[in-house]
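Visitor: Quick one: the structure is below, and I'll ask about it shortly.
The values are calculated or read from the model by the stated rules, or taken from the named source; none is laboratory data. Quantities reported herein were computed from a predicted structural model and do not represent experimental measurements. Virtual Cβ from ideal backbone geometry, glycine too; neighbours counted across all protein chains shown. Heads up: the accessible areas ignore ligands, DNA and RNA and are worked out on the full protein's heavy atoms, side chains in. Shrake-Rupley method; radii C 1.70, N 1.55, O 1.52, S 1.80 Å.
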Protein chains: 2
Amino acid sequence: MKKEINPEDFASCPLPISSHDTIQLAHGSGGKMMNDLVQKLFLWAFDNNQLNRQDDNAVIEIYGNRFTFTTDSFVVDPIFFPDSDIGELAVNGTVNDISIGGAVPLYLSVGLIIEEGFPLEDLRKIVVSIKNAAHRADVSVVTGDTKVVNKGKGDKIFINTSGIGVIKHDFKIGPEYIKPGDVILINGGIAEHGIAVISKRENLAFETTVISDTAPLNNLIERIIEASGEAVHAMRDPTRGGVAATLNEFADISKVGIRIIEDRIPAKEAVRGACEILGFDPLYVANEGKLVVLVSKEKADAVLDAMRAHPLGKEAAIIGEVISDNPGMVSMQTGIGGWRIVDMPVGEQLPRIC
Amino acid sequence: MKKEINPEDFASCPLPISSHDTIQLAHGSGGKMMNDLVQKLFLWAFDNNQLNRQDDNAVIEIYGNRFTFTTDSFVVDPIFFPDSDIGELAVNGTVNDISIGGAVPLYLSVGLIIEEGFPLEDLRKIVVSIKNAAHRADVSVVTGDTKVVNKGKGDKIFINTSGIGVIKHDFKIGPEYIKPGDVILINGGIAEHGIAVISKRENLAFETTVISDTAPLNNLIERIIEASGEAVHAMRDPTRGGVAATLNEFADISKVGIRIIEDRIPAKEAVRGACEILGFDPLYVANEGKLVVLVSKEKADAVLDAMRAHPLGKEAAIIGEVISDNPGMVSMQTGIGGWRIVDMPVGEQLPRIC
């Protein structure tokens, strides 16, 4: 880590960033403005190999063993939504961020920031949700912290979960290892979490209720790694900014082109209908139990089979490939056969989705 | 970890807790109500050896090596206060929670929850503060997360820091190892952080400005362990609830009595004056760079010398002892020679101090 930063060094981090001099909702969206903030402010300050990797976790080495370490705060609104709540989301989100590095998650911390006046009955429900989600993901909550802020200075409850996992194999997984020729897979229908939360928030009734896909992906990931060995190059759970943001980050970090085929991307009919009514592109809507996997072509079928054999991967599909042309760009063959560019999301269509 | 909790099990965690059915500011105070919430709700749900220890960190074992893992959220108001800010506080707080278990802190995560409209200039200051504090404490920030909440749904910025340290010795340190006969030491004047924050919050001008004592204690703790070996039984940084809360938790967890001597407890004149004006007992006011150490009698002088030789321990003092009488009780010999009971803090005198 470089030496201390003094006020005179501030010139090397000029403000405004992306033409803004205050924080906007879009700075938390997982899209272009958040990316700018990360690149221009956070990476400027914390210049180190781990953060520079820009993955959702850090890989740290202690006594010759490799671990992943990650953190995530949850501010989802509403805190209770179809089939889940902020507590389960907070556990699964961090379990997934540990697992996508190919690690086995072991221990979680839970930090609560609660607004004065929050009902203890709701807190009990959420704490039980956290406990049960940890049980299902086979991780232990071993340390915690509770802070209370005055009424009107928070919003019911915010939850931070951080976690540690252990990497048991000796190959490397991360967006920097993606190569042209890699095949892109996903384990099922997209955009379910985002639609579930927004329908509850806005009191929308669709013909079929869409429920959040929140799930711990660690067991599915173990099966994938068994099937792929070192042929798996990168994995990520496409949360904020959806599949579009994840693929754009991958293309950007590994300087490759990415091509996907619209007709192959799974999505439930109810989700497609809701997106149409709301004017959302499902590619940009958050998931909490989906996994994008990039794997060498020769292992793609084996990985697809392994995913389909798992309860969380029954609808798994191959949705695209990595190419050397157009580095940094994601393009999609549309249902009618043309091609369009899938940009990094700009602005914020669904704030506080996780 | 026991199996999942079902709604019918809720009866074993009856509400209200401490006669409240909503969260009060005092639930975040480090005092009796927070203790009740931890015991009756959190330990009920997350029944495991680590949480049951009720220390400020978890000791986890992976591949035969011992690590500490901890989390802390910071909601201090105001975010800038005499000589420091929320960023430095967040780093030092977690460095200290790792170190008090006798571990060497290595890696931190930083999770930001920012209110829409927060000035990027202030964010840059805080990020630099985090970076510089990490540099001084010799730890790396390796992973992070940023969330943004709508204006009026947060309060400027909340910061979670979690962290990992490695335990390099083979003895055990924690409140459960305290024994009658142990000597109690502190490394300097108490109540400075609390007074610094409250004076800024309330725009109070005292004759001398009191500045926060926030500091990373890891290096001091390494010196203490070198001097004590396995004779050091417990350490804690007395933050929320002050020295009174820390000693009461120690007495409660290890079922011992604790006796301290008022005249031996260091505190700056300006702090004593401010406490008198504000009606605070300095024993209950938060510290952020103080360390309470419990060590076997035969090593007490060696530890005192080691503390005094360190820049953060020049005013170190022996302030009391552990006895077998009156288990669970903290008592203090007052300046005029009588004895009074030092209770666990009840209610909340200084909300959002960290």
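Visitor: Considering only the range B:153-161, I want to know if a residue exists there that is modelled with pLDDT of 95 or more and in a helix (DSSP H, G or I). Break it down into steps so the answer makes sense when it comes.
Guide: Filtering the range B:153-161 for residues modelled with pLDDT of 95 or more gives B:153-161.
Next, from what is left, pick out any that are in a helix (DSSP H, G or I): none.
Checking the range B:153-161: not a single residue is modelled with pLDDT of 95 or more and in a helix (DSSP H, G or I).
Visitor: Moving on to the next point. Taking the conditions exactly as written (of a type outside the set (A, V, I, L, M, F, W, C), over 30 Å from A:Asp281 (Cβ atoms), over 15 Å from the mean Cα position of the chain (by Cα) and surrounded by fewer than 16 Cβ atoms within 10 Å (Cβ to Cβ)), does A:Gly229 satisfy them or not? Break it down into steps so the answer makes sense when it comes.
Guide: Values: of a type outside the set (A, V, I, L, M, F, W, C): yes; over 30 Å from A:Asp281 (Cβ atoms): yes; over 15 Å from the mean Cα position of the chain (by Cα): yes; surrounded by fewer than 16 Cβ atoms within 10 Å (Cβ to Cβ): yes.
In short, yes.
Let's see how each residue does on (1) crowded, with 19+ Cβ neighbours inside 10 Å; (2) within 25 Å of B:Gly279 (Cα to Cα); (3) of a type in the set (D, E, K, R):
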site	(1), (2), (3)
B:Ala309	no, no, no
B:Gly313	yes, no, no
B:Asn326	no, no, no
B:Met329	no, yes, no
B:Asp343	no, yes, yes
B:Gly347	no, yes, no
B:Cys354	yes, yes, no
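Visitor: Taking the range A:266-293 as the region of interest, how many residues are farther than 20 Å from A:Asn96 by Cβ and touching a Leu at 6+ places or on another chain (Cβ under 9 Å)?
Guide: 4
Visitor: Between B:Asn6, B:Asn57, which is open to solvent by 40 Å² or more (accessible area, probe 1.4 Å) and not charged (D, E, K, R)?
Guide: Numbers: B:Asn57 fails: open to solvent by 40 Å² or more (accessible area, probe 1.4 Å).
B:Asn6 is the lone residue from the list that is open to solvent by 40 Å² or more (accessible area, probe 1.4 Å) and not charged (D, E, K, R).
Visitor: Can you tell me which of B:Val141, B:Val166, B:Val104 is buried (at least 24 other Cβ atoms within 10 Å of the Cβ) and assigned to a strand (DSSP E or B)?
Guide: B:Val141
Visitor: OK, next. What are the pairs, 6+ residues apart or on separate chains, where a residue within the range A:8-27 that is over 15 Å from B:Lys125 (Cβ atoms) has its Cβ under 8 Å from a residue that is outside any helix (DSSP H, G or I) and among the charged types (D, E, K, R)?
Guide: Correct list of pairs: A:Gln24/A:Glu348; A:Gln24/B:Glu116; A:Leu25/A:Glu348; A:Leu25/B:Glu116; A:Ala26/A:Glu348.
Visitor: While we're here: Among the residues of the range A:16-37 satisfying the criterion of being at pLDDT below 95 and of a type in the set (D, E, K, R), which is most open to solvent (accessible area, probe 1.4 Å)?
Guide: Of everything passing the filter in the range A:16-37, A:Lys32 is most open to solvent (accessible area, probe 1.4 Å).
Visitor: Given the conditions (1) open to solvent by less than 10 Å² (accessible area, probe 1.4 Å); (2) over 18 Å from the mean Cα position of the chain (by Cα); (3) in contact (Cβ under 8 Å) with a residue 12 or more places away in the chain, and given that A:Ser129 satisfies all but one, which numbered condition is not satisfied?
Guide: (1)
Visitor: When both residues are 6+ apart or on different chains and their Cβ atoms are under 6 Å apart, which pairs have a first residue that lies in the range B:269-291 and is outside the structural domain of B:Val330 (by TED's automatic domain parsing), and a second that is surrounded by fewer than 24 Cβ atoms within 10 Å (Cβ to Cβ) and not in a loop (DSSP other than H, G, I, E, B)?
Guide: Partner pairs satisfying both residue conditions: none exist.
Visitor: What single numbered condition from (1) out of contact with any Gly (no Cβ under 9 Å at 6 or more places or on another chain); (2) open to solvent by less than 20 Å² (accessible area, probe 1.4 Å) fails to hold for A:Ala215?
Guide: Failing condition for A:Ala215: (1).
Visitor: Kindly indicate whether B:Asn287 is of a type outside the set (Gly, Ala, Ser), buried (at least 16 other Cβ atoms within 10 Å of the Cβ) and touching a strand residue (DSSP E or B) at 6+ places or on another chain (Cβ under 8 Å).
Guide: Working: of a type outside the set (Gly, Ala, Ser): yes; buried (at least 16 other Cβ atoms within 10 Å of the Cβ): yes; touching a strand residue (DSSP E or B) at 6+ places or on another chain (Cβ under 8 Å): no.
Spelling it out, it is not the case that B:Asn287 is of a type outside the set (Gly, Ala, Ser), buried (at least 16 other Cβ atoms within 10 Å of the Cβ) and touching a strand residue (DSSP E or B) at 6+ places or on another chain (Cβ under 8 Å).
Visitor: Based on what the data block shows, is A:Phe42 at the interface with chain B (Cβ under 7 Å from one of its Cβ atoms) and either under 28 Å from A:Phe118 (Cβ atoms) or open to solvent by 10 Å² or more (accessible area, probe 1.4 Å) (or both)?
Guide: Numbers: at the interface with chain B (Cβ under 7 Å from one of its Cβ atoms): yes; either under 28 Å from A:Phe118 (Cβ atoms) or open to solvent by 10 Å² or more (accessible area, probe 1.4 Å) (or both): yes.
When the stated conditions are applied, A:Phe42 passes them.
Visitor: Can you tell me which residue among B:Asp155, B:Asp122 is over 21 Å from the mean Cα position of the chain (by Cα), among the acidic types (Asp, Glu) and open to solvent by 20 Å² or more (accessible area, probe 1.4 Å)?
Guide: On the way: B:Asp155 fails: open to solvent by 20 Å² or more (accessible area, probe 1.4 Å).
When all the criteria are applied, what remains is B:Asp122.
Visitor: Let me ask something else. In the range A:68-87, which residues are in a strand (DSSP E or B) and within 19 Å of the chain's Cα centre (by Cα)?
Guide: A:Thr68, A:Phe69, A:Thr70, A:Thr71, A:Asp72, A:Ser73, A:Phe74, A:Phe81, A:Ser84, A:Asp85
Visitor: Here's another thing I want to ask about it. Mind checking which residues of the range A:3-39 are at the interface with another protein chain (Cβ under 8 Å from one of its Cβ atoms) and of a type in the set (Lys, Arg)?
Guide: Selection gives A:Lys3 alone.
Visitor: Hey, another quick one. Going residue by residue through the range A:118-133, is there one that turns out to be at the interface with chain B (Cβ under 7 Å from one of its Cβ atoms), touching a Lys or Arg at 6+ places or on another chain (Cβ under 6 Å), in a strand (DSSP E or B) and not acidic (Asp, Glu)?
Guide: No, that holds for no residue.
Visitor: Within the range A:55-65, count every residue that is within 22 Å of the chain's Cα centre (by Cα) and more than 7 Å from chain B (Cβ to nearest Cβ).
Guide: Our first condition is that a residue be within 22 Å of the chain's Cα centre (by Cα); within the range A:55-65, this holds for A:55-60.
Among the residues that remain, those that are also more than 7 Å from chain B (Cβ to nearest Cβ) are: A:55-56, A:59.
Residues that pass the stated criteria total 3.
Visitor: Residues of the range A:135-157 being more than 7 Å from chain B (Cβ to nearest Cβ) and under 21 Å from B:Asn6 (Cα atoms), which ones?
Guide: Residues satisfying the conditions are A:Arg136, A:Ala137, A:Asp138, A:Val139.
This table checks each residue for (1) touching a strand residue (DSSP E or B) at 6+ places or on another chain (Cβ under 7 Å); (2) at the interface with chain B (Cβ under 9 Å from one of its Cβ atoms); (3) more than 21 Å from A:Glu176 (Cα to Cα).
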position: A:Asn48; (1), (2), (3): yes, yes, no
position: A:Leu51; (1), (2), (3): yes, yes, no
position: A:Asp77; (1), (2), (3): no, yes, yes
position: A:Val95; (1), (2), (3): yes, no, yes
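Visitor: Out of the range A:158-196, which residues are in contact with a Phe, Trp or Tyr (Cβ under 8 Å, 6 or more places away or on another chain) and within 14 Å of chain B (Cβ to nearest Cβ)?
Guide: Selection gives A:Phe158, A:Ile159, A:Asn160, A:Thr161, A:Ser162, A:Gly163, A:Ile164, A:Gly165, A:Val166, A:Ile167.
Visitor: What number of residues within the range B:169-207 satisfy the criterion of being open to solvent by less than 10 Å² (accessible area, probe 1.4 Å) and assigned to a strand (DSSP E or B)?
Guide: 3
Visitor: Now a separate question. Determine whether the range B:27-40 contains at least one residue that is hydrophobic (A, V, I, L, M, F, W, C), farther than 18 Å from B:Pro238 by Cα and assigned to a loop (DSSP other than H, G, I, E, B).
Guide: Taking every residue of the range B:27-40 in turn, none turns out to be hydrophobic (A, V, I, L, M, F, W, C), farther than 18 Å from B:Pro238 by Cα and assigned to a loop (DSSP other than H, G, I, E, B).
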